[in-house]
Amino acid sequence: MHRYDARISWRRNGAKFSDNRYSRGHEWSFDGGVRVPASSSPSIVPAPYSVVEAVDPEEALVATASSCHMLWFLSLAAKRGFVVESYVDDAFGVMEKNSAGRLAFTRITLRPQAEFSGQRSPNVAELDALHHEAHDECFIANSLKCEVVVEAG
């Protein structure tokens, strides 16, 4: 078993609250001292009640799925003797009504682009296998209900 902790902190700061006109801005704190400004998505709760510059949970979920895939991909590539120089993923998630009529993530699409150096770069089949195995190993993808698609380029 592994345990992961996060502290989420919010304060009313004098807003009336019962009229629903309070800031959704809050902070995520993690071990090691990292603090991340967070808020509801401005597409769900309009500004000024959402903090546009902050990370919202929906963005964080997409980033988390992408990050987990990347970390597995890098590990697997290293084990196979490939040298990855860079990795970029322009990932996105789609929220829509699910089969129960509830708003939910129905798909997260990862679009990773990796550049290699060294003696040998993976061929198309090897690259595809790396992404397939990274997807299978990703703890986050294994935890989500929605489909996670990898469109490696």
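The values are calculated or read from the model by the stated rules, or taken from the named source; none is laboratory data. This is a predicted model, so every value here is computed, not measured. Every residue, glycine as well, gets a Cβ built from its backbone with ideal geometry; the counts of neighbours run over all protein chains shown.
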Scanning the range 1-25 for residues that are part of a loop (DSSP other than H, G, I, E, B), surrounded by fewer than 17 Cβ atoms within 10 Å (Cβ to Cβ) and either of a type in the set (D, E, K, R) or assigned by TED's automatic domain parsing to the domain that holds Val94 (or both) gives Arg3, Asp5, Arg11, Arg12, Lys16, Asp19, Arg21
From Arg35, Arg7, grab the single residue that is touching a Ser or Thr at 6+ places or on another chain (Cβ under 6 Å) and over 27 Å from Cys146 (Cα atoms). Arg35
Going residue by residue through the range 26-35, is there one that turns out to be under 18 Å from the mean Cα position of the chain (by Cα), within 11 Å of Asp56 (Cβ to Cβ), of a type in the set (Ser, Thr, Tyr) and not assigned by TED's automatic domain parsing to the domain that holds Gly93? no
Limited to the range 26-46, what total is found for residues that are loosely packed, with under 12 Cβ neighbours inside 10 Å and among the hydrophobic types (A, V, I, L, M, F, W, C)? 1
Out of the helices (runs of 4 or more DSSP H) lying entirely within the range 48-148, which hold 3 or more residues that are surrounded by 15 or more Cβ atoms within 10 Å (Cβ to Cβ) and at pLDDT 95 or above? 57-79, 124-137
